[in-house]
Amino acid sequence: GAAEGAAAAGAPELPGYAHVYSGKVRDLYAPVDPASGDLRPDVLLLVASDRISAFDFVLQTPVPDKGAVLTQLSLWWFEQLADLVPHHVVSTDVPDAVAGRAVLVRRLEMLPVECVARAYLTGGGLREYRADGHVSGLRLPDGLTDGSRLPEPLFTPSTKAEQGAHDEPMSYADVETAVGPALAARARDLTTAILRRGNEIATGRGILVADTKVEFGLEDGELVLADEVLTPDSSRFWPADQWEPGHPQPSFDKEFVREWLTSPASGWDRTSGEAPPPLPDEVLERTRAKYVEAYERLTGRRF
Ligand code: ATP
Ligand code: MG
């Protein structure tokens, strides 16, 4: 990330908290000790904004309620996964200004790895497979196509790139070098277990989780699930009833955004390097509805 210590555009002022970092979507704060004025070192306030990114740009137009949907969906999943892995949430008692879209979390030393697992083949995994039949160094059966279900979930880690840069694939050996063999094995097994559990729950509710990215932090030598989990931002969600291998699947969330941005209506040239234009209200509303639908389908709750 690039915004350490800087006041990020759009990160709200929160009395009693100091802004410490902004990623593409989240703004991080540390509580200020009222007596000493020092920042509390043990916890962070993780605030999910309504910012949306597409084609590696953070778009100018926020999607109403997106931050709240991501936060509430992650909280729900942390509970569904609690028997598999401890999570970072300490409390949902947060300032009114960010109610519903913020959580107080344990401040962890994050692993320098984006832990990705894939249950279906598409995107970067498909490109690797087409090149030489392997994904992340693992040999796959012949005859797979875009959208094929994999024999079992694969761990396909990537680097945590600085803002604006692409995450690069990492081999499993790279992960072992970065964190040691024991933590690498634990991260791999947990990541695939989270995706398995995610699909066990989601498939019956009409959603396939094609792939997902999780982040772990370390506390007392143990991996703790951090950041967000099994959201439409961190995962590819596909409508189960439309799943048909052989071509790109309709995606659950950014479909309308990507469709509009690449249509003549936007007037935007993806290859120009220029920032995309603001999104029209209709695209925003349909996108918001998709995020809410994912939350409601998965949790069975009204948003
Ligand atoms: P980047 O950090 O590279 O900008 P991003 O754009 O995905 O990635 P966001 O999701 O917007 O980032 O911000 C969340 C940031 O908070 C990430 O850098 C993530 O690693 C970090 N983070 C999440 N949970 C914790 C935690 N419990 N302790 C410390 N850092 C955390
Ligand atoms: Mg993130």
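Restricting the stretch 37-65 to residues that are within 23 Å of LEU108 (Cβ to Cβ) and without any contact (Cβ under 8 Å) to a residue 12 or more places away in the chain leaves a set whose member that is farthest from ligand 2 (Cβ to nearest atom) is ASP38. Restricting GLU228, GLU259 to those that are farther than 23 Å from THR191 by Cβ and either among the charged types (D, E, K, R) or not in a helix (DSSP H, G or I) (or both) reduces the list to GLU259. Only one entry of GLU200, GLU162 meets the criterion of being among the charged types (D, E, K, R), more than 15 Å from GLY217 (Cα to Cα) and at pLDDT 95 or above, and that entry is GLU200. Among the residues of the stretch 182-228 satisfying the criterion of being touching a residue at least 40 places away in the same chain (Cβ under 8 Å) and among the hydroxyl-bearing types (Ser, Thr, Tyr), which is farthest from ligand 2 (Cβ to nearest atom)? Looking at the filtered set, the residue picked out is THR192.
Of the residues that sit in the stretch 47-86 and are hydroxyl-bearing (Ser, Thr, Tyr) and part of a loop (DSSP other than H, G, I, E, B), which one is surrounded by the fewest Cβ atoms within 10 Å (Cβ to Cβ)? Taking the candidates together, the pick is THR61.
Of the set (1) in a helix (DSSP H, G or I); (2) at pLDDT below 95; (3) of a type outside the set (Val, Ile, Thr), all apply to ALA289 but (2).
The values are calculated or read from the model by the stated rules, or taken from the named source; none is laboratory data. Keep in mind that this is a model prediction, so the values were computed, not measured. Methodologically, a virtual Cβ is constructed for each residue, glycine included, from the backbone with ideal geometry; neighbour enumeration extends over all protein chains shown.
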